[in-house]
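The values are calculated or read from the model by the stated rules, or taken from the named source; none is laboratory data. Keep in mind that this is a model prediction, so the values were computed, not measured. Neighbour counts run over all protein chains shown; Cβ positions are idealised from the backbone, glycine included.
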Amino acid sequence: MFHAFRDHHCNHERRRFHRGGPRFGHHMGGRGGRFFESGDLRLVILRLIAERPRHGYELIKAIEERLAGAYSPSPGVVYPTLTLLEELGHIEVASTEGGRKLYAVTPEGERVLAEGKAGIDALFARMEAAAGARPGGAALQAVRAMHNLKMALRLRLTRGSLSEEQLQRIVTLIDEAAVRVERV
């Protein structure tokens, strides 16, 4: 399972997000602590879907990118949240492609976003502030990209069996990327 990314080279500076912005500390609790307050992730996902329809994996990537790699929600958190939002009538499946659901916001979801606009805007501002305070720069971006590749592979391999041709294409892409990185 994919877990929240942390800078393992700086264990003394673990990042956690809370209502006041980024926080650093030694004792975060559990394997990664809570990055969002209760209900915040649901609002983040709803707003991202309102920006444009998205798949679950795209939401994971969008949140990770907005937080500059400081946090990436696991599929085990995102997909149940999507189910909840769908049950609440805030989102709906717009289409299904190869087993992947594309979610779109509903009028009820738009209403929820409009009613909570000030709080949601503040939440996104705090996310932006946390991303800007992220130490480590380019090296962390490379590590984040490696984690993204690993997660994409896991998701694709668990989605269903691959033909020999598909598997060979994945292997070729990874090998080509390795060669290109080595030449940089």
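Quick notes
- Lone unmet requirement of (1) of a type in the set (A, V, I, L, M); (2) modelled with pLDDT of 95 or more; (3) surrounded by fewer than 13 Cβ atoms within 10 Å (Cβ to Cβ) for residue 104: (3)
- Across the range 162-176, the number of residues qualifying as part of a helix (DSSP H, G or I) and either within 24 Å of residue 75 (Cβ to Cβ) or of a type in the set (S, T, N, Q) (or both) comes to 9.
- Residues of the range 82-96 that turn out to be of a type in the set (D, E, K, R) and in a strand (DSSP E or B), as a count: 1
- The residues of the range 16-46 that are modelled with pLDDT of 50 or more, of a type in the set (Lys, Arg) and out of contact with any helix residue (DSSP H, G or I) (no Cβ under 6 Å at 6 or more places or on another chain) amount to a single one, 34.
- Picking from residues in the range 114-161 that are in a helix (DSSP H, G or I) and among the polar types (S, T, N, Q), the one that is modelled with the lowest pLDDT is 141.
- The selection criterion, being farther than 13 Å from residue 42 by Cβ and acidic (Asp, Glu), holds for residue 97.
- Per-region count, the range 64-94, residues touching a residue at least 24 places away in the same chain (Cβ under 8 Å) and either of a type outside the set (A, V, I, L, M, F, W, C) or over 20 Å from residue 158 (Cβ atoms) (or both): 18
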